[in-house]
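> Dropping the structure in here first, questions after.
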Amino acid sequence: MEIKQTKENALSASTVSAIINAPFERINIADWLLNLPDAEYQRCSVHHIAAGNTTTYDGEPMSINVETIGDALVVQHYVATEHRPDYCRMLSLSDTLTASGRSRVQVLWELKVEPIDEKTTRYTNTIHATATPEFLNFIAAHGISIAQAAKARQEASDAHNREETPNFAKSIENKALFGKYNLPF
């Protein structure tokens, strides 16, 4: 069940955009994301460790991503709640592993493209992290306030998003124009 993000449980919200030098009509975010090879995911950020695709028991597409965000190893279990050529909404109950132990946060990842003109498209990568009740208990047990946890997560998430978004845009561009991953960016 999705947790609504509020002032009391918000950990981070980061939105970064980049230009794709390809016509909007040629881009298919869902196809790109849900077929993304592990090596292509890894080369989009030095903090990306692994990625793979699977499904839920109900057959909903999923993207499993392993990365570091700040000092946490995070295993994302993204379920594609919406997946269209111009928009994907991915929701994860993500495992976070730190030196202090293991917990879970909810992460909403939205990927969107919008036409700028006949040759260029804007790609927007938005990430919201929300504390779960388990995470709130975890930080309380370690003497960390939600404000402290949110500050750390916001800084780490924003830095991560600023690094990966331009590379995602180039990867999407290559897939749109040449139908391939692993081309130079």
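The values are calculated or read from the model by the stated rules, or taken from the named source; none is laboratory data. Computed from a prediction, not measured in an experiment: that's the story for all the values here. Here the Cβ is made from the backbone with ideal geometry for all residues, glycine too, and neighbour counts use every protein chain on show. Side chains included, ligands, DNA and RNA excluded: accessible areas come from the protein's heavy atoms. Shrake-Rupley method; radii C 1.70, N 1.55, O 1.52, S 1.80 Å.
> Can you run down the residue pairs with Cβ atoms below 6 Å, 6 or more apart or on separate chains, where the first is in segment 23-49 and among the aromatic types (Phe, Trp, Tyr) and the partner is open to solvent by less than 60 Å² (accessible area, probe 1.4 Å) and at pLDDT 95 or above?
Note: pairs meeting the criteria are 24/121; 32/172; 32/175; 41/48; 41/51.
> Between residues in segment 147-159 that are within 17 Å of residue 46 (Cβ to Cβ) and residues that are acidic (Asp, Glu), which pairs lie under 8 Å by C-beta distance while being six or more apart or on different chains?
Cβ pairs passing all conditions: 156/71.
> For segment 1-57, which positions are β-branched (Val, Ile, Thr) and farther than 15 Å from residue 90 by Cα?
Just the residues of segment 1-57 that are β-branched (Val, Ile, Thr), to begin with: 3, 6, 15-16, 19-20, 27, 29, 46, 49, 54-56.
Once the filter is applied, which keeps residues that are β-branched (Val, Ile, Thr) and farther than 15 Å from residue 90 by Cα, segment 1-57 yields 6, 16, 19, 20, 27, 46, 49.
> In addition: Return a yes/no flag: does segment 128-138 have any residue that is assigned to a strand (DSSP E or B), open to solvent by 20 Å² or more (accessible area, probe 1.4 Å) and in contact (Cβ under 8 Å) with a residue 40 or more places away in the chain. Give the steps one after another, and end with the answer.
Filtering segment 128-138 down to residues assigned to a strand (DSSP E or B) leaves 128-131.
From what is left, the residues that are open to solvent by 20 Å² or more (accessible area, probe 1.4 Å) are 128.
Next, from what is left, pick out any that are in contact (Cβ under 8 Å) with a residue 40 or more places away in the chain: 128.
Yes, there is a match, as at least one residue in segment 128-138 is assigned to a strand (DSSP E or B), open to solvent by 20 Å² or more (accessible area, probe 1.4 Å) and in contact (Cβ under 8 Å) with a residue 40 or more places away in the chain.
> Just give me the residues in segment 46-72 being over 14 Å from the mean Cα position of the chain (by Cα), closer than 27 Å to residue 99 by Cβ and open to solvent by 30 Å² or more (accessible area, probe 1.4 Å), in sequence order.
Within segment 46-72, 46, 70, 71 meet the criteria.
> With respect to the numbered conditions (1) β-branched (Val, Ile, Thr); (2) in a strand (DSSP E or B); (3) under 24 Å from residue 131 (Cβ atoms), which one is the sole condition not fulfilled by residue 54?
Just one mismatch for residue 54, condition (3).
> Might you check whether a residue that is free of Cβ contacts under 8 Å to residues at least 60 places away in the same chain and either under 24 Å from residue 150 (Cβ atoms) or of a type in the set (Phe, Trp, Tyr) (or both) occurs anywhere in segment 109-126?
yes
> When the residues of segment 60-113 are filtered to those that are among the acidic types (Asp, Glu) and in contact with a Phe, Trp or Tyr (Cβ under 8 Å, 6 or more places away or on another chain), which remaining residue is nearest to residue 131 (Cα to Cα)?
My answer is 110.
> Could you tell me whether residue 91 is part of a strand (DSSP E or B) and modelled with pLDDT of 95 or more?
Here the answer is yes, as residue 91 does meet what is asked.
> Determine whether residue 29 is open to solvent by less than 70 Å² (accessible area, probe 1.4 Å) and closer than 30 Å to residue 118 by Cβ.
Considered against the rule, which asks whether it is open to solvent by less than 70 Å² (accessible area, probe 1.4 Å) and closer than 30 Å to residue 118 by Cβ, residue 29 comes out as yes.
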